[in-house]
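See structure below.
The values are calculated or read from the model by the stated rules, or taken from the named source; none is laboratory data. The structure displayed is predicted, hence computed values, not measured ones. Here the Cβ positions follow ideal geometry from the backbone for every residue, glycine too, while neighbour counts run over all protein chains shown. Side chains are part of the model used for accessible areas, which takes the heavy atoms of the whole protein and leaves out ligands, DNA and RNA. Shrake-Rupley method; radii C 1.70, N 1.55, O 1.52, S 1.80 Å.
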Amino acid sequence: RTFTSGVLFRSAGAQSLRATDAAAPALTATVATVVGHGPASQLRFTVQPSSVLEGRAIEPPVVVTAYDAFDNLANTFAGQVSIAIGVNPGGGVLSGTLQVSAAAGVATFADLRINRAGNGYTLVGSAAGLTNTTSAAFNVIAIDVHWINAAGGSWTTGANWSTGAPPTADQNALIDLAGTYTVTLDANATVAGANDFNEPP
């Protein structure tokens, strides 16, 4: 019997093809082969960007990987991969190494930073001749957290702060809203820095 349409392997790696006679199942033949990947055709984020403080390097490093049309890793691709902001809710600027050469199909961006806070940023990876890829959404979190409740209130109440949450150990707490009010420190708090609470803004 001749199979005029041939056989198409879609998965790279060691594969085998077995032929069996339906009328006489004991009659079989098997051939083994190694299937290589096709040419790179698309990019994917294989390590997504994580939420990060503004101006800080995104950790872990963002990784973009090249695949062929059948979703196999295109591990011979060594082209230039570029990265840029896609959705830009905070009007931020992306800095760091924005173009790298892929190694075995993998491009790692180790020092990406965005300078303005915002929720729902995305990144776009691109390379000549390949389909672009867009990352999952992530947040860039403000370094400076401002008190916004002129009536005063508790430190731990998120609504009293400009970010909707009390400042963390990595952030600066700024109680610089004009007026006379009391901020009650109702829990142990560690912050990266704070303004002089007694100094008028």
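Would you confirm whether any residue within the range 85-94 is under 22 Å from THR122 (Cβ atoms) and open to solvent by 70 Å² or more (accessible area, probe 1.4 Å)?
Scanning the range 85-94 turns up at least one residue that is under 22 Å from THR122 (Cβ atoms) and open to solvent by 70 Å² or more (accessible area, probe 1.4 Å).
Could you count how many residues in the range 126-182 are modelled with pLDDT of 95 or more, closer than 23 Å to PRO49 by Cβ and not small (Gly, Ala, Ser)?
Number satisfying all stated conditions: 8.
Look through ALA22, ALA32, ALA26 and report the one residue that is exposed (fewer than 14 other Cβ atoms within 10 Å of the Cβ), in a strand (DSSP E or B) and of a type outside the set (D, E, K, R).
None of the others qualify; the one that does is ALA32.
Show me the strands (runs of 3 or more DSSP E) found entirely inside the range 77-139 where at least 1 residues are closer than 20 Å to SER41 by Cβ and in contact with a Phe, Trp or Tyr (Cβ under 7 Å, 6 or more places away or on another chain).
Of the strands (runs of 3 or more DSSP E) lying wholly inside the range 77-139, those with at least 1 residues that are closer than 20 Å to SER41 by Cβ and in contact with a Phe, Trp or Tyr (Cβ under 7 Å, 6 or more places away or on another chain) span 80-85, 99-101, 123-126.
Are there any pairs, at least 6 apart or on different chains, whose C-beta atoms fall under 9 Å, with the first in the range 85-98 and more than 10 Å from ARG116 (Cβ to Cβ) and the second surrounded by 13 or more Cβ atoms within 10 Å (Cβ to Cβ) and among the basic types (Lys, Arg), and if so, which?
If the second residue must be surrounded by 13 or more Cβ atoms within 10 Å (Cβ to Cβ) and among the basic types (Lys, Arg), the pairs left are LEU94/ARG113; SER95/ARG113; GLY96/ARG113.
Kindly indicate whether GLY118 is surrounded by fewer than 13 Cβ atoms within 10 Å (Cβ to Cβ) and either within 14 Å of GLY55 (Cα to Cα) or within 18 Å of the chain's Cα centre (by Cα) (or both).
It is false that GLY118 is surrounded by fewer than 13 Cβ atoms within 10 Å (Cβ to Cβ) and either within 14 Å of GLY55 (Cα to Cα) or within 18 Å of the chain's Cα centre (by Cα) (or both).
Would you check which residues across the range 140-196 are under 27 Å from GLY92 (Cα atoms), touching a Phe, Trp or Tyr at 6+ places or on another chain (Cβ under 9 Å), among the aliphatic types (A, V, I, L, M) and in a loop (DSSP other than H, G, I, E, B) and list them?
ILE148, ILE175, LEU177
Looking only at residues in the range 47-76 that are under 30 Å from GLN171 (Cβ atoms) and assigned to a strand (DSSP E or B), which one is most open to solvent (accessible area, probe 1.4 Å)?
Going through the qualifying residues, I end up with VAL47.
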